[in-house]
Amino acid sequence: MRFKYEDLEVWQLAKKLINLVYENTAVFPNEEIFNLTSQIRRSAISCCLNIAEGSGRNAAKDFSRFIRISIGSLLETDTCLKIAIDLRYLNQETYDNKFDELIAELYFKLIKLDKTLSDKNYNSSISIN
């Protein structure tokens, strides 16, 4: 079965972010497995999950709320990655080459989606399901 959220570009980008996070946190020190490694992974997953969950809501207003939560999770992921750079678990070059552009693109697309969902004309004319 294929769900509508799988066609959303923001969901596809968030899923790509999860894969990059897992790939790059696999080499973090073992003592971080229940701390920073876990936090980065959970926040990246939360970003993607909230897009999927919100898409299943019956009202654009509800979907918008989940998109805003997803934005918060994305910013949490970015902050954790920057902390990992400070701790020398991740180098700046890896962040710049793999994460920076993807996170920025996802962030601005989520903002745009939230604005679209919050538009009163959109809410009165279109059902999201």
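Here are the numbers for the structure shown:
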item	result
Calculated P(r) tail over 16 Å for region 45-102, as whole % of Cα pairs	51
Computed lengthening from ILE83 to PHE108, 0.36 nm per intervening residue step minus Cα-Cα distance	6.8 nm
Normalised alpha carbon radius of gyration of region 10-129 [divisor 2.2 N^0.38 Å]	1.15
Loop sites in region 21-83: trypsin sites (Lys or Arg not before Pro), DSSP, at most 16 other Cβ within 10 Å	ARG57
Projected label distance in nm at GLU101 and THR116, using a 7 Å step from Cα toward the beta-carbon	2.3
Point-to-point label distance, ARG57-PHE34, nm (Cα→Cβ direction, 7 Å offset)	3.4
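No lab work stands behind these numbers, since they all come straight from the coordinates. Being a predicted model, the structure only gives us computed values, none of them experimental. Every residue, glycine among them, receives a Cβ derived from its backbone with ideal geometry; neighbour counts consider all protein chains shown.
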